[in-house]
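The values are calculated or read from the model by the stated rules, or taken from the named source; none is laboratory data. These figures come from a predicted structure and were not determined experimentally. Virtual Cβ from ideal backbone geometry, glycine too; neighbours counted across all protein chains shown.
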Amino acid sequence: MKVLIVGSGGREHAIAVSVAKSARVDKIYCAPGNAGIGQVAECVPIGVMEFDALADFAKEKAVDLVIVGPDDPLVGGLTDVMEAAGLRTFGPKKNAAILEGSKAFSKDLMKKYHIPTAAYEIFDDAKTALAYLETADMPIVLKADGLALGKGVLICNNLQEAKDGIKTIMEEKKFGDSGNRIVIEEFMTGREVSVLSFVDGKTIQIMSSAQDHKRAGDGDTGLNTGGMGTFSPSPFYTKEVDDFCREHIYQATVDAMAAEGRPFQGIIFFGLMLTEKGPRVLEYNARFGDPEAQVVLPRMKNDIIDVMDACIDGTLDQLHLEFEDNAAVCVVLASDGYPLSYEKGYVISGLEKFEEKDGYYCFHAGTKLTQEGIVTNGGRVLGVTAKGESLRSARANAYEAASWVTFENKYLRSDIGKAIDEQVEK
Ligand code: AMP
Ligand code: GLY
């Protein structure tokens, strides 16, 4: 069969590598893809928001399955456009992707269906929001309602910071129209865990857990980024946590969406906070995490096409989802200066080593193929993933593999998974 993957990041490279493993797949296209994806797929220069061009291309090539990677096209309704054109598509429709597309929607859904999350209020104008802050406890969390490249969340330690935050989001419109509406939320403390799942509208199957490292610097210092590294599974995602989430969060979310007339088909990514009072939902995403996919998918035993088919056909209850009994760590190699300003266009060397070694992956995020070879073309350049029997050995392997690759201004965190590893060993 022929598959079209929509997207161009490390997540889509991880999806492409999984799809390429399927015995059922003969040909993979990726729009627009990147230099690494180009090694397993034919990249076509169509942007992820060019819905008509994507549908025309998929029809012309008689593509059997379209897989949508990123949030923007999902929230914008690419699945609806594809399905209207008669194309089988993996990913939620617009009316379900709103689970990620509007934080106000997701908070109201959780409230209505008693899904545990932080207490919150929603405001459509700055004046009322500012008045509310006067009586609220600090710290407090401000969230722009819409998609904001993962950056629309401000944690404010005191009233002044919170007032400034309201101005930034609602008046200066730092996150554009995403900030027309704001969610003001109780600040929670605890460990964060990411849980990805496959959903077919009624059944949900949970993948192995993961944890991201969002800050740019070691020891969780510095600016927030798209993610500097991940590991899977999380040692803190215990049986007790899993039981609680199965009882109160996962199926409840799927049932709530169905009850609202918005059946969800695709990936639900649960961002969880393990608080003293139990797990709480921080956020939902309607897609694989990036770089969570880079540690979860390499550990999945199933043929990804079988699982996606089951999601589309509503037969996920008949499938047994299986993960390897090991660990994986992904270390992001970035351009120094990310997430602010950085230079690109530097030649990358050492990539060929990954071809020889099983259990090691180099997922491309911001790269480009030029006459000089593969060069850096973004803030996050590569995600180096390695497996191991334990988190500790996966870490050692991932850092060894990260040293194979060189380019000018290469920057990486040296502590992905480290604090956790040390706590677990104690
Ligand atoms: P979100 O995009 O909603 O996941 O928020 C981004 C990050 O902000 C999360 O990964 C948390 O680290 C933090 N965050 C979001 N909501 C809260 C909250 N209610 N309390 C504490 N931290 C939060
Ligand atoms: N790694 C977080 C995300 O994909 O949203």
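For the range 16-55, residues that are more than 21 Å from residue 363 (Cβ to Cβ), touching a residue at least 12 places away in the same chain (Cβ under 8 Å) and part of a helix (DSSP H, G or I) total 4. Inside the range 184-194, can you point out the residues that are within 9 Å of ligand 1 (Cβ to nearest atom) and closer than 13 Å to residue 143 by Cα? 185, 186, 187 - these are the residues of the range 184-194 that are within 9 Å of ligand 1 (Cβ to nearest atom) and closer than 13 Å to residue 143 by Cα. Considering the range 321-343, and only residues there that are among the small types (Gly, Ala, Ser) and under 21 Å from residue 360 (Cα atoms), the residue that is surrounded by the most Cβ atoms within 10 Å (Cβ to Cβ) turns out to be 328.
Against the definition (more than 16 Å from ligand 1 (Cβ to nearest atom), buried (at least 22 other Cβ atoms within 10 Å of the Cβ) and under 29 Å from residue 68 (Cα atoms)), how does residue 145 come out, yes or no? Taking the combined requirement at face value, the residue does not satisfy it.
Name the residue, out of 73, 92, that is more than 16 Å from residue 270 (Cα to Cα) and within 24 Å of the chain's Cα centre (by Cα).
Details: 92 fails: more than 16 Å from residue 270 (Cα to Cα).
73 is the lone residue from the list that is more than 16 Å from residue 270 (Cα to Cα) and within 24 Å of the chain's Cα centre (by Cα).
Number of residues in the range 261-273 that are more than 12 Å from ligand 1 (Cβ to nearest atom) and either in a helix (DSSP H, G or I) or of a type outside the set (Phe, Trp, Tyr) (or both): the value is 7. Taken as a whole, the range 177-187 holds at least one residue that is surrounded by fewer than 18 Cβ atoms within 10 Å (Cβ to Cβ), away from ligand 2 (no atom under 16 Å from the Cβ) and touching a residue at least 60 places away in the same chain (Cβ under 8 Å).
Condition check ((1) without any contact (Cβ under 8 Å) to a residue 12 or more places away in the chain; (2) within 16 Å of ligand 1 (Cβ to nearest atom); (3) surrounded by 19 or more Cβ atoms within 10 Å (Cβ to Cβ)) across all residues:
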residue	(1), (2), (3)
236	no, yes, no
244	no, no, no
259	no, no, no
278	no, yes, no
286	no, yes, yes
292	no, yes, yes
298	no, no, yes
306	no, no, no
319	no, no, no
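Suppose the filter is out of contact with any Pro (no Cβ under 7 Å at 6 or more places or on another chain), closer than 22 Å to residue 388 by Cα, modelled with pLDDT of 95 or more and hydrophobic (A, V, I, L, M, F, W, C); does residue 196 pass it?
Details: out of contact with any Pro (no Cβ under 7 Å at 6 or more places or on another chain): yes; closer than 22 Å to residue 388 by Cα: yes; modelled with pLDDT of 95 or more: yes; hydrophobic (A, V, I, L, M, F, W, C): yes.
So residue 196 passes the test.
Any residue that is at pLDDT 95 or above, part of a strand (DSSP E or B), within 24 Å of residue 415 (Cα to Cα) and out of contact with any helix residue (DSSP H, G or I) (no Cβ under 8 Å at 6 or more places or on another chain) - is there at least one of those in the range 305-327?
Of the residues in the range 305-327, the ones at pLDDT 95 or above are 305-327.
From what is left, the residues that are part of a strand (DSSP E or B) are 323, 327.
Remaining after also requiring within 24 Å of residue 415 (Cα to Cα): 327.
Narrowing the set further to residues that are out of contact with any helix residue (DSSP H, G or I) (no Cβ under 8 Å at 6 or more places or on another chain) leaves none.
No, every residue in the range 305-327 fails to be at pLDDT 95 or above, part of a strand (DSSP E or B), within 24 Å of residue 415 (Cα to Cα) and out of contact with any helix residue (DSSP H, G or I) (no Cβ under 8 Å at 6 or more places or on another chain).
Tell me, please, whether a residue that is away from ligand 2 (no atom under 16 Å from the Cβ), farther than 26 Å from residue 297 by Cα, in contact (Cβ under 8 Å) with a residue 12 or more places away in the chain and touching an Asp or Glu at 6+ places or on another chain (Cβ under 8 Å) can be found in the range 67-83. Yes: the range 67-83 contains one or more residues that are away from ligand 2 (no atom under 16 Å from the Cβ), farther than 26 Å from residue 297 by Cα, in contact (Cβ under 8 Å) with a residue 12 or more places away in the chain and touching an Asp or Glu at 6+ places or on another chain (Cβ under 8 Å). Taken over the range 163-178, the residue count meeting the criterion of being hydrophobic (A, V, I, L, M, F, W, C) and either within 13 Å of ligand 1 (Cβ to nearest atom) or in contact with a Lys or Arg (Cβ under 8 Å, 6 or more places away or on another chain) (or both) is 1. From the list 221, 225, 230, the lone residue that is within 15 Å of ligand 1 (Cβ to nearest atom), free of Cβ contacts under 8 Å to residues at least 60 places away in the same chain and either under 24 Å from residue 151 (Cα atoms) or of a type in the set (A, V, I, L, M, F, W, C) (or both) is 221. Check whether at least one residue in the range 280-296 is more than 16 Å from ligand 2 (Cβ to nearest atom) and either over 16 Å from the mean Cα position of the chain (by Cα) or among the charged types (D, E, K, R) (or both), and report yes or no. Yes, because at least one residue in the range 280-296 is more than 16 Å from ligand 2 (Cβ to nearest atom) and either over 16 Å from the mean Cα position of the chain (by Cα) or among the charged types (D, E, K, R) (or both).
Taking the listed residues 148, 162, 136, 131, the one that is assigned to a loop (DSSP other than H, G, I, E, B) and either more than 19 Å from the chain's Cα centre (by Cα) or away from ligand 2 (no atom under 16 Å from the Cβ) (or both) is 136, with no other qualifying. Among the conditions (1) modelled with pLDDT of 95 or more; (2) within 13 Å of ligand 1 (Cβ to nearest atom), the only one that residue 205 does not satisfy is (2).
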